[in-house]
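These notes concern the structure reproduced below.
Laboratory data are not the source of any read-out in this text; all were calculated from the coordinates shown. Note that the structure is a prediction, hence the values are computed from the model and not measured. Positions of Cβ are generated from backbone atoms using ideal geometry, with glycine treated the same way; all protein chains shown enter the neighbour counts.
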Amino acid sequence: MNFISKTGLTAMLAAYCLNSTAQVKELPDLKKDDIISDYRLAMDILKKQHPNPFKFIDSADFDRKVDSLIKLAEKQDNVFSVIQYSPIQLVRDVHTNLQFSADNNRDMISHLNFFPFPVVIEKGKILVNIKGAELPFGTEILSINKQSAKEIIESLSSVAYSDGFITTGTDRVFGNFQTTFSLRNNNAASYDLEYADPKSKTPKKITVASLKPGAGVHASNQAVMPVNVLARSYWIYGSYDDANQTGTLTVNSFNLQEAYAYKEFSAFFKEVNKRGYKNVIIDIRNNGGGNPAISALLFSFMAPKAFQNVYNYRTKNIDVFYAEHATTQGRKMSDEDIRNNKQFLYQRFDLDSATGFYVGNARLKEGQLENFPPDKDAFKGNIYVLAGGGTVSAATYFASLVQKNKRGLVIGKETGSGEHATTAAWFLTYQLPKTKSVLTVPMSELYFFNSQKDNGRGIMPDKEVPMDKFISYMQQSQDPEVSFTMELIKQSK
């Protein structure tokens with residue numbers, strides 16, 4: 001089993017479909033009754049296999065809402081309408097997701113008339129994120145087809161996989177807005193928009209033609225939200241600003257081998273110290289998590305003294321349920337695979353009779369350094385951490401280490417996974433028989449700092465970018481969080 005922590009970015013493509021006016025009744029390999037059958041099976045699997053399916057919803061309410069969604073799905077007359085009623089999001093878990101097969105994804109997209117603009121979603125506003133289109137870059141869209149921006153964002157956030165009651169998961173899905181929103185009106189020839197005129201700020205209306213699939217995907221690729229694409233192309237990327245005595249370390253994953261991570265972290269902080277910099281920005285806005293030990297390793301390069309690196313795992317079960325549908329490395333799990341899986345967990349988890357959970361024992365935590373010393377090249381200057389809805393799992397843990405140890409400022413938005421706990425570490429995948437969709441289920445919960453409960457919220461930022469500044473930076477093709485942080489650094493001088 002791989003020690004990884006997925007982000008849920010590959011969530012079921014069509015989970016956001018609402019109010020479809022589809023003329024296509026079925027697709028070659030995707031039929032209404034098959035989708036509904038697989039929904040039922042997926043929820044049965046989650047009730048048995050998920051490590052804590054009723055953390056944020058009681059079992060009776062869970063069953064009632066599943067039944068309600070299935071009944072609504074049964075009343076629909078085409079696949080585009082059915083897929084809006086996916087019940088997977090009821091578990092409120094950033095790591096649980098249901099993904100269409102590649103063929104079904106292709107067939108879905110090939111039948112869409114696309115909403116013409118990629119967008120950015122920020123603090124309840126929808127902003128045009130393409131240059132040279134009928135609406136200027138950065139224009140605020142107030143409504144689409146008489147549905148307000150607020151209603152549209154709420155419909156996205158309700159199924160943008162996040163832990164508990166976090167809504168910033170839209171950070172991870174607005175890049176797919178054209179696809180997800182187009183599924184609501186997949187046969188639409190045009191869209192009626194209300195927008196705020198960039199100069200006068202008065203509401204205006206316009207009707208824009210939809211795009212065929214090829215042009216729609218092309219428009220998506222022309223999105224220009226200003227971020228450092230080069231830095232996001234690598235697991236770890238460092239850059240240096242001599243004029244402002246500031247180094248920026250972009251870390252896009254903690255699913256890294258320790259030797260590689262240490263080499264990259266060490267090289268960056270040695271260079272920063274050599275240049276005598278006063279400030280370091282750590283960008284984890286696009287970090288989907290991984291091994292929390294690597295999060296602690298990074299924090300050791302800025303820790304002023306030894307710090308507590310304490311976390312543990314727990315789960316409702318250590319068995320494999322519905323094994324006939326379980327897969328591994330693209331094939332059906334064998335009896336030996338299942339035995340090995342169960343034996344691995346049996347050796348590392350002990351039943352806590354008081355709670356009914358299996359809790360990680362000393363063998364599971366073997367090698368975990370709980371009193372973590374600072375690195376000998378630790379940086380002593382100012383630390384700024386950029387975080388948001390794309391900051392998940394072990395990345396949230398890193399932000400928590402910074403905040404709890406009062407080592408720097410967290411700037412951005414609430415993280416996409418929980419401050420106290422998330423799901424992580426080991427995953428099972430199931431291929432559902434009717435549609436060949438893949439259900440990913442985490443096998444354990446990860447609790448940070450010996451937390452005993454989870455309030456369903458992420459790390460809250462110390463500072464957020466004001467909306468007027470966000471729009472101004474964006475219209476100037478500047479990364480809003482980076483630019484805002486540089487303002488804070490300059491003010492501190």
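Restricting to DSSP loop positions (anything but H, G, I, E, B) with no more than 15 other Cβ atoms inside 10 Å of their own Cβ, which trypsin sites (Lys or Arg not before Pro) remain in the range 113-164? Write out the running numbers ahead of the final one.
On the way: sites: LYS123, LYS125, LYS131, LYS146, LYS150; in loops: LYS123, LYS131, LYS146.
Hits after loop and neighbour filter: LYS123, LYS131, LYS146.
Among the listed pairs LYS55/LYS436; LYS125/LYS436; LYS131/LYS204; LYS365/LYS453; LYS332/LYS453; LYS131/LYS201, give every one whose C-alpha distance is greater than 25 Å.
Details: LYS55/LYS436 28 Å; LYS125/LYS436 36 Å; LYS131/LYS204 19 Å; LYS365/LYS453 20 Å; LYS332/LYS453 36 Å; LYS131/LYS201 19 Å.
Beyond 25 Å: LYS55/LYS436; LYS125/LYS436; LYS332/LYS453.
Extension gain GLN222-SER472, at 0.36 nm per residue separation less the Cα-Cα distance, in nm? The partial results should precede the final answer.
Numbers: separation 250, 0.36 × 250 = 90.00 nm, distance 2.00 nm.
Stretched fully, the GLN222-SER472 segment lengthens by 88.0 nm.
For LYS413, give me every one of the aspartates and glutamates with a C-alpha distance below 18 angstrom, ignoring sequence neighbours fewer than eight places off in its own chain.
Cross-link targets: GLU122, GLU154, ASP163, ASP171, ASP283, ASP462, GLU464, ASP468, ASP479, GLU481, GLU487.
Sum up the charges of everything whose Cβ sits under 10 Å from the Cβ of ASN273, counting Lys and Arg as +1 and Asp and Glu as -1, but leave ASN273 out.
Details: positive: LYS270, LYS274, ARG275, LYS380; negative: GLU271, ASP377.
Every neighbour counted, the sum reads +2.
Have a look at ILE45, VAL465, GLY356 and report the one farthest towards the positive end of the charge dipole of the chain, computed about the Cα centre with Cβ charges (Lys/Arg +1, Asp/Glu -1).
Among ILE45, VAL465, GLY356, the one farthest towards the positive end of the dipole of the chain is VAL465.
Given charges of +1 on the Cβ of Lys and Arg and -1 on the Cβ of Asp and Glu, with all other atoms neutral, how large is the dipole of the chain about its Cα centre, in debye to the nearest 20?
Working: 57 positive and 52 negative charges, 156 e Å.
Once rounded to the nearest 20, the dipole reads 760 debye.
With the dipole of the chain worked out from charges on the C-beta (+1 for Lys and Arg, -1 for Asp and Glu) around the Cα centre, which of ALA102, ILE35, THR170 lies farthest toward the positive end?
In the chain, that residue is THR170.
Based on the mean of other Cβ atoms within 10 Å per residue, sort peptides 135-142, 380-387 so the most packed one is first. Could you put the intermediate results ahead of the total?
On the way: 135-142: 19.5, 380-387: 21.9.
Taking the mean over residues of other Cβ atoms within 10 Å, the ranking is 380-387, 135-142.
Between LEU409, PRO433, LEU369, whose Cα lies farthest towards the positive end of the dipole of the range 358-460 when Lys and Arg beta carbons carry +1 and Asp and Glu beta carbons carry -1, centred on the Cα centre?
Of the listed residues, the answer is PRO433.
Taking 56 Å as R0, compute the FRET efficiency from the Cβ-Cβ separation of ALA102 and GLN347 and round it to 0.05. Provide the component values of the computation, followed by the final result.
On the way: r = 37 Å, r/R0 = 0.65.
According to the calculation, E is roughly 0.95.
Would you mind putting 98-109, 404-415 in packing order, based on average other-beta-carbon counts within 10 Å, highest first? Intermediate values should be presented prior to the final figure.
On the way: 98-109: 18.5, 404-415: 21.2.
Per-residue Cβ counts within 10 Å, averaged per peptide and sorted highest first, yield 404-415, 98-109.
Tally Lys and Arg at +1 and Asp and Glu at -1 over the other residues with C-beta under 10 Å from the C-beta of ARG457: what net charge comes out? Before the final figure, lay out each step's value.
Values: positive: none; negative: ASP163, GLU414, GLU419, ASP454.
Once all neighbours under 10 Å are counted, the net charge is -4.
How large is the charge dipole for the range 220-362, taken about the Cα centre, if only the Cβ atoms of Lys, Arg (+1) and Asp, Glu (-1) carry charge, to the nearest 20 debye?
On the way: 15 positive and 13 negative charges, 64 e Å.
Using Cβ point charges on Lys, Arg, Asp and Glu, the range 220-362 gives about 300 debye.
For Cα extents along the principal axes in Å, the choices are [x] 65, 63, 34; [y] 99, 53, 50; [z] 88, 77, 41; which was calculated from the structure?
The calculated read-out lines up with [x].
Stretched out fully, how many nm does the piece from ALA306 to LYS332 gain, at 0.36 nm a residue minus the Cα gap? Each step should come with its number before you reach the end.
Numbers: separation 26, 0.36 × 26 = 9.36 nm, distance 4.54 nm.
Result for the pair: 4.8 nm of gain on full extension.
Give me the net charge of ASN341's neighbourhood, meaning all other residues with Cβ under 14 Å from the Cβ of ASN341; Lys, Arg count +1, Asp, Glu -1.
Working: positive: LYS332, ARG339, LYS342, ARG348; negative: ASP319, ASP335, GLU336, ASP337.
Spelling it out: positives minus negatives among the neighbours equals 0.
Counting Lys and Arg as +1 and Asp and Glu as -1, each charge on the Cβ, what is the dipole of the range 119-220 about the Cα centre in debye, to the nearest 20?
On the way: 12 positive and 10 negative charges, 50 e Å.
Here the range 119-220 has a charge dipole of around 240 debye.
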